[in-house]
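Every read-out reported here was derived from the displayed coordinates using simple, explicitly stated rules and does not represent laboratory data. Keep in mind that what you see is a predicted model, and the values were worked out from it rather than measured. Ideal geometry is used to build each Cβ from the backbone, glycine not excepted, and the neighbour counts take in all protein chains shown.
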């Protein structure tokens, strides 16, 4: 285990990234509003001080609910940032505002009937609607039984509610509570472990936790180094310092439109830091 | 009013593996061939580029390159007495949409079936007695033999650039290969892929428990390869993004990387995308197909006349098209009569998670990078007293370590929270899993027909799937899982987590896209829709490709056999073109 | 069953003489030519790559209208179909020869040297007549020529007369008796119909080719056409004759894959040349001098570090960690003359725009590299190309961010 931790580079200080002149020049290109929010999204990362951008699908209360829930599902602890710090709430918000949330590719013709578990999802609601209804009903349940909405509950109270949802013990009307929980948990995992271009997994929080280096394309030299850790900086499809892409139509519109451009940082700063730390060249293989 | 288009010699429904093979072969023979594809055009660049394809969320989780259920899905139930409900989300299997079909997003696990698989019924009855095949199990022989198909397996392997180690060349066993495989005329075109840490551990452990591991035959090129059509392929770099993704560096065999560069340059070939075929047309006798009707993306209908119609779509769609076009006798589970929709089968799978003591770097992988034992596949072992027929392989596939979906955690790991986080942190780099991949027999009550209630985007009734595993599959799967657990125990580990299959078949979790049957091939027109050359018994200028012709499913991934059968059928079609008659008299 | 045996029909046509079936001569009767002359002309039209320039994107063959960017503005290729009014149907053989030999159109108008008459002037009268004979068989298209868009003073045709006086050296190729027949044939093809120097030679401010240092590399529209002279690092010094032949015939060899404008040249021209002619070209090219190699300074180490990181992230998937590429699939970057060219624009163009290798009958695949222009910014591409040009023993000048932005905007303007 120690071997691996040694290979994980420290994140560059947020200020260094945000002062990059190329970042400013990027803002010139796109719509000003979107780009400004990008700046916020990209530069606040790495702690509870992160200022979330205005939600696109959620109401502010709904977002508080989600933040309070994902903070328990993947908490910040000694191992590193949790889902909130990794931007997972913004990831989920963007996903629900896009084709996933709207169930755009899904067979949604009736009649809708309840079936067996083996027959899969049969509710007449899109994922976005499941969130909206589910959040409303859970808050009603919490207010009634605990005197406060979910977001205002103590961590252990929230854990209990989440377990009850998972076990199907809370009545959410037409939505089985386990369905709501599974959707929330599934999206939370996705946001924590998906490529950072989707807004979650900020500063590679999820990938650093597990040791996944990101989508590299060539392991011919390394695959037979049995039992040895792979040493390389983390990388995203957007480079080593991806701009958090906030999508109107994730995932298909990823490379188009304002706010969905690739990273514009020089990779050097990250690299120099790594080289300095190890006191040697960052890349074990290859020649310069 | 549908617009009538100029006639072509051959119209292909779909433009994936089988269509590409048939088109390549028949255009060489001089025929004018048109492929109709319901999805869009796509190619290595830009669609599968290194700049975008390694995106687990977009492709594996949101399933962007698969069929959307909004346009086409099916309804499902486990038992005939249940109410079938639509499969609203893809899960258990993932049909493709777009040029190249599932040949774009497969792993490249490329197998030959065993010689006994082709004579399943007669072989088992001969070895284990007439009663070995229980009532209701409708397995049957294929009407062809392994020996007949061998040259066509070879053709597909040299088209794809399969990396592997032969186990049996012309009857002579080869060290390091699969000792159970049928004899092959020559070895694979490329040597096996490199091994990764997990497959090395599996290999050692399997040997320790007395089994015969070998490197899986892979349609991922271990070296740059110039294929049999002169098309150049790259070399696999173990990026771990095969399954559910297109390949960025031309190293996974697909229609795009093996056939299309040659096929698309031919003047007598054409294709149309966003063209969904909704009917096969027949003349008044019902004995001759006259073409197809298709709908473009703007909802306009066209009649495409053709001298020959070849169904090259996904297994379900081929059967669906036959049913809505009222071609062939629909199967009736009550009487057992009829052939269209009969003998639907699938794959039975289970797994064993292993948390090892050394770093495995699971993200360095390839779709068919695996080490396999075939000791318990087909009839490679004595079934006397086992209580089931058939079998499957046990493999350690290292297809990749994609973080969202490829999570193989130890038993007792909390589902979420700090405990889950800790387990992922400690175990991701050390975890792997073995897959038990078994055949499924066909049964009287597993079948396809039309749903009475639900309709697709074109107003056609949805296909209805009635399917469940039977005692044979459950017993066999348990047997395989137990054997896999024995191997797992021989790997130095921090924990083993067997995941046997349990309960009824569920359409929700992904299992395999190995759906078979519904238009079975065979020597008897009462139990098969196509003859041994894949030509319809009823409508001799109509042909069916793909796994829809499997009379039941073997213990292997189907693509190798699908490819071989397409080449086999293409040869028959060339004979048919010279002399348009049924190749077998019913 | 009515299956059409297209290939059989095509073969039958070929056997009975394609001329009868496919060739209709549109020229006046007195200019009727023999089948052999027409075929000879057709071959030379391939060798001269006439069709590529004289056909607009999506336009009819040889009807002109393709914009040819020059440093002075845009010139449009002309209609050379036999249409009497808008094409060259009314031109006599003499008119045609005068255009090819002196750059003067029928009626006395001087042509712009974007039309490579400074090279075609080396061609024999017989060859020029054969080209004309072939063009007479092309389907006439009524398509008016477009006026060039040039700034003053280049818009004045009188300037062209001056240009010709200064830079045009009319005259057919004179064989060098000291050299072999093959060498002379190669020199004729390269300096005559092939007009290789139009791209591969340096040019002065007025676009006149540098005759003292032929084929030592020059600008081809936006990119740098590499040195074809000796020089192991940036020229053909490391290529055998056979490898040159393979490259021209198929679009690639062990050293390089044709990209940028050269991919089009292979597809439209050199792949059709006879083996003997390709060998002759190789024989000639192997005797050319290269420029004296400069000694570029050692690039900044930080830039190299950054470039290496980007290389591993974006390039190593195909070109491999050590720049070797994959034999027959992905071209090597290590020891590549195109990579180490005096100017980096070809490498930059491939990274910015992507590239598709020529799909020729022997190499039908057309392997394609995606564009990275949208993923990497100018500074990143500068660092990446500096790295590639100096890694693994390569040596070439550093690339600046300005080089990248200039080319990027040139491409952006060209696509408008």
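See the values below:
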item: Averaged over A:76-84, number of beta-carbon atoms from partner chains that fall within 10 Å; result: 2
item: Residues B:169, A:92, sorted so that the one with the fewest Cβ neighbours within 10 Å comes first; result: B:169, A:92
item: Overall Cα dimensions of segment B:34-146 - principal axes, largest extent first, Å; result: 58, 39, 32
item: Cα gyration tensor shape of segment C:64-151, rounded if a/c is under 1.5, else prolate or oblate by comparing a/b with b/c; result: oblate
item: Tail beyond 16 Å, pair distance distribution of segment B:149-217 (Cα, percent); result: 50 percent
item: Translational diffusion of segment C:251-341, µm² s⁻¹ [Kirkwood Rh, Cα pairs; Stokes-Einstein; 37 °C; 0.692 mPa s]; result: 208 µm²/s
item: Relative contact order for chain C, counting Cα pairs under 8 Å that sit 6 or more residues apart, in percent; result: 13 percent
item: Convex hull of segment B:410-480 built on C-alpha atoms - directionally averaged projected area, nm²; result: 9.2 nm²
item: Segment A:127-171: translational diffusion in µm²/s, Stokes-Einstein, Kirkwood Rh over Cα pairs, 10 °C, 1.306 mPa s; result: 149 µm²/s
item: Relative packing of B:567-573, A:81-87, which averages over residues the other C-beta atoms within 10 Å, highest first; result: A:81-87, B:567-573
item: All-pairs Cα distance distribution in segment B:217-282, expressed in whole percent, bin size 10 Å; result: 18, 38, 27, 14, 3
item: Taking B:565, C:111 and counting other C-beta atoms within 10 Å, the order from fewest to most; result: C:111, B:565
item: Over chain B, relative contact order from alpha-carbon pairs under 8 Å, at least 6 apart, %; result: 22 percent
item: At q = 0.17, 0.18 Å⁻¹, base-10 log of I(q)/I(0) for segment A:43-156 (Debye sum, equal scatterers on each alpha carbon); result: -0.95, -1.02
item: With 5 Å bins from 0: P(r) over segment B:95-187, alpha-carbon pairs, percent; result: 3, 11, 17, 17, 15, 15, 12, 7, 2, 0
item: Nearest 10 degrees, 0 to 90: helix B:197-208 Cα axis against chain B principal axis; result: 80 degrees
item: Rounded tilt (10° steps) of B:559-578 against the dominant C-alpha axis of chain B; result: 20 degrees
item: Protection proxy ranking of B:250-261, C:155-166, B:483-494 - average other beta-carbon atoms within 10 Å, highest first; result: B:250-261, B:483-494, C:155-166
item: Angle in degrees between helix B:146-160 and the longest Cα principal axis of chain B, rounded to the nearest 10; result: 80 degrees
item: Overall form of chain C per C-alpha gyration tensor (a/c, 1.5; a/b vs b/c); result: prolate
item: Sum of -39500 (n - 2.57) over DSSP H runs of 4+, divided by residues of chain B (222 nm, nearest 500); result: -6000 deg cm²/dmol
item: Protection-proxy order for peptides B:197-207, C:325-335, C:174-184, each taking the mean of Cβ atoms within 10 Å per residue, highest first; result: B:197-207, C:325-335, C:174-184
item: Exercise: per-residue mean of other protein chain Cβ atoms within 10 Å, B:405-416; result: 2
item: Hull shadow area, averaged, segment A:109-243 [alpha-carbon convex hull, nm²]; result: 12.5 nm²
item: Under the Debye formula (equal points on every Cα, no solvent term), log10 I(q)/I(0) of segment A:97-148 at q = 0.12, 0.20, 0.25 Å⁻¹; result: -0.39, -0.81, -0.96
item: Pairs of Cα atoms farther than 24 Å apart, segment C:263-416, %; result: 40 percent
item: Segment C:316-416: relative contact order in percent, alpha carbon pairs under 8 Å with at least 6 residues between; result: 24 percent
item: Percent of C-alpha pairs per 10 Å bin, segment C:338-416, short to long; result: 19, 45, 28, 9
item: Cα radius of gyration and Dmax for chain B (Å); result: 22.7, 71
item: Cα-based convex hull volume of segment B:477-586 per residue, rounded to whole Å³; result: 142 Å³
item: Compactness relative to 2.2 N^0.38 Å, alpha carbon Rg of segment B:130-250; result: 1.29
item: Cα-based Rg and Dmax for segment C:43-93, where Dmax is the largest Cα-Cα distance (Å); result: 11.7, 33
item: Calculated SAXS-style log₁₀ I(q)/I(0) at q = 0.20, 0.23, 0.27 Å⁻¹ - segment B:522-586, Debye, Cα scatterers; result: -0.76, -0.96, -1.21
item: Cα-based equivalent ellipsoid of the protein assembly as shown: semi-axis lengths in Å, sorted from largest, via gyration tensor; result: 55, 41, 29
item: 10 Å Cβ neighbours from other chains, averaged over peptide A:205-211; result: 5
item: Residues A:57, B:430 arranged by fewest to most Cβ contacts within 10 Å; result: A:57, B:430
item: Rounded if a/c under 1.5, otherwise prolate or oblate - segment B:277-353, Cα gyration tensor axes; result: oblate
item: Tail beyond 29 Å, pair distance distribution of segment B:328-476 (Cα, percent); result: 44 percent
